[in-house]
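The block underneath contains the structure these notes are about, expressed in structure tokens.
The values are calculated or read from the model by the stated rules, or taken from the named source; none is laboratory data. All values derive from a computational prediction rather than experimental measurement. Methodologically, a virtual Cβ is constructed for each residue, glycine included, from the backbone with ideal geometry; neighbour enumeration extends over all protein chains shown.
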Amino acid sequence: PEAFAVVKNGARRMSGTEIIVNEHAIKWDMIHFDVQLIGGTALHRGMIAEMQTGEGKTLVATLPVYLNALTGLGVHVVTVNDYLARRDSEWMGSLYRFLGLTVGCIQNQMPPWERRAEYACDITYGTNAEFGFDYLRDNGMASTKDEQVQRGHYLAVIDEARTPLIISGPSTQTSHQFDKYKPMVEQLVKKQIELCNNLASEAKQLLDSGDSVSAGRALFKLKLGQPRNRQLMRFMEEPDMRRLLEKAELSFHQDAQKKELFELKEELYFVIDEKGHDSDLMEMGRQFLSPGDPESFTLPDLGTLYADIDTNRSLNEEQKIQAKEDLQVRMDSQAEKIHNISQLLKAYCVFEKDVQY
């Protein structure tokens with residue numbers, strides 16, 4: 001009871017404060033109701049608490065998670081996709097951090113050393129797949145304890161517990177829409193390759209004309225857009241060209257050049273982070289893939305939209321619940337689209353075929 005009271009009091013004290021969730025600022029306006037305390041008690045006792053969308057199951061989970069995290073043995077919160085894991089680790093994580101706990105989040109393609117750091121936190125968010133395969137790697141591939149990333153399995157709280165973690169047999173249908181987006185992404189990649197080939201030619205011409213600053217800028221932009229470009233790799237065999245690129249890269253990564261770096265990236269369709277095995281779709285890319293609605297690649301602030309529904313006096317309680325369910329469906333569909341396009345971009349531009357996929 002004392003731990004639950006601490007969590008509720010923490011939520012009350014945070015009321016009205018601004019927090020950052022998925023790079024959006026929202027105000028914390030949630031305080032546990034008595035019925036949610038009952039739900040938290042059920043979860044702590046190992047029971048299933050079934051709640052409708054909009055009834056606050058995400059907030060309910062903070063109660064048993066906080067209580068069990070006090071042991072220092074680590075609590076895993078299992079969600080259904082990377083987006084929800086990241087969102088909840090920042091959203092509910094603000095409450096946990098206010099109460100003095102550390103919060104981590106496991107994401108797809110995260111390197112082992114980073115996973116180990118996230119698992120070392122008091123509370124770790126992630127998908128069932130990430131937790132499951134990390135367990136298999138730790139117990140089937142790691143040859144020493146230092147190579148393992150998980151530190152134990154004290155307690156897990158599962159969101160959407162009715163969703164099967166592993167489905168036996170082949171699936172008759174999939175939510176992935178790779179086939180739908182593949183032709184669009186292929187065209188996008190072709191446009192980027194064409195742009196980068198022009199950048200390589202431009203860099204050579206600028207250097208020949210004696211404009212080393214502009215040549216370095218073009219080389220750095222080429223590296224951001226296509227780090228494995230053949231002409232760029234040939235350039236890097238020349239010491240002068242390599243030094244020119246390194247100088248430009250160092251200049252753009254200074255704090256005073258953040259605006260210029262952002263503007264440089266916006267001149268590309270997408271940016272590739274080869275070391276981080278990631279890619280980032282830029283405004284040009286969003287316009288190309290969705291000319292009529294580039295904002296479809298930006299997930300809205302779910303907390304604000306929920307608040308708008310709650311304050312809509314024209315809706316009764318049943319309609320509010322339905323509106324939140326519809327909103328969640330749209331959000332999931334949008335997140336799935338972003339995820340599929342991101343994975344396709346990585347397949348084409350980041351990963352090596354037959355090695356990483």
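If you go through segment 121-137 and keep only what is touching a residue at least 40 places away in the same chain (Cβ under 8 Å) and not charged (D, E, K, R), you end up with Cys121, Ile123, Thr124, Tyr125, Gly126, Thr127, Asn128, Phe131.
The residues in segment 97-156 that are among the hydrophobic types (A, V, I, L, M, F, W, C), part of a loop (DSSP other than H, G, I, E, B) and either at pLDDT 90 or above or within 22 Å of Thr62 (Cα to Cα) (or both) can be counted, and the count is 6. The residue that is farthest from Gln107 (Cα to Cα), counting only those in segment 120-137 that are among the charged types (D, E, K, R) and crowded, with 17+ Cβ neighbours inside 10 Å, is Asp122. Taking the criterion of being of a type in the set (Lys, Arg), modelled with pLDDT under 85 and either closer than 20 Å to Leu344 by Cβ or not in a helix (DSSP H, G or I) (or both), would at least one residue in segment 161-172 satisfy it? Yes, some residue in segment 161-172 is of a type in the set (Lys, Arg), modelled with pLDDT under 85 and either closer than 20 Å to Leu344 by Cβ or not in a helix (DSSP H, G or I) (or both).
Filtered by the rule that a residue be surrounded by 16 or more Cβ atoms within 10 Å (Cβ to Cβ), in contact with a Lys or Arg (Cβ under 8 Å, 6 or more places away or on another chain) and either in a loop (DSSP other than H, G, I, E, B) or not assigned by TED's automatic domain parsing to the domain that holds Gly104 (or both), segment 29-40 gives a lone residue, His32. Residues in segment 1-28 that are among the hydrophobic types (A, V, I, L, M, F, W, C) and either surrounded by 19 or more Cβ atoms within 10 Å (Cβ to Cβ) or under 26 Å from Pro300 (Cα atoms) (or both): Phe4, Val7, Ala11, Met14, Ile19, Ile20, Val21, Ala25, Ile26, Trp28.
The set of residues in segment 41-52 being of a type in the set (Val, Ile, Thr) and either buried (at least 16 other Cβ atoms within 10 Å of the Cβ) or assigned to a helix (DSSP H, G or I) (or both) consists of Thr41 alone.
Note on segment 55-96: among residues that are in contact with a Phe, Trp or Tyr (Cβ under 7 Å, 6 or more places away or on another chain) and assigned to a loop (DSSP other than H, G, I, E, B), the one that is farthest from His339 (Cα to Cα) is Thr71.
When segment 29-72 is limited to residues that are within 23 Å of Tyr154 (Cβ to Cβ) and polar (S, T, N, Q), the one that is modelled with the lowest pLDDT turns out to be Thr58. Considering segment 258-279 alone, what residues qualify as being exposed (fewer than 14 other Cβ atoms within 10 Å of the Cβ) and in contact with a helix residue (DSSP H, G or I) (Cβ under 6 Å, 6 or more places away or on another chain)? Glu266 - this is the single residue of segment 258-279 that is exposed (fewer than 14 other Cβ atoms within 10 Å of the Cβ) and in contact with a helix residue (DSSP H, G or I) (Cβ under 6 Å, 6 or more places away or on another chain).
Candidates are the residues of segment 281-312 that are in contact with a strand residue (DSSP E or B) (Cβ under 9 Å, 6 or more places away or on another chain) and over 20 Å from Ile20 (Cα atoms); the one that is surrounded by the most Cβ atoms within 10 Å (Cβ to Cβ) is Gly285. For segment 191-225, filtering for residues that are closer than 17 Å to Leu264 by Cβ and of a type in the set (D, E, K, R) leaves 5.
Among the residues making up segment 45-73, those that are touching a helix residue (DSSP H, G or I) at 6+ places or on another chain (Cβ under 7 Å), of a type outside the set (A, V, I, L, M, F, W, C) and farther than 25 Å from Glu318 by Cβ are Thr62, Pro64, Tyr66. Please work out if Gln334 is at pLDDT below 85 and in contact with a Leu (Cβ under 7 Å, 6 or more places away or on another chain). Yes: the conditions hold for Gln334. The one condition from (1) in contact (Cβ under 8 Å) with a residue 12 or more places away in the chain; (2) closer than 22 Å to Asn22 by Cα that Leu63 does not meet is (2).
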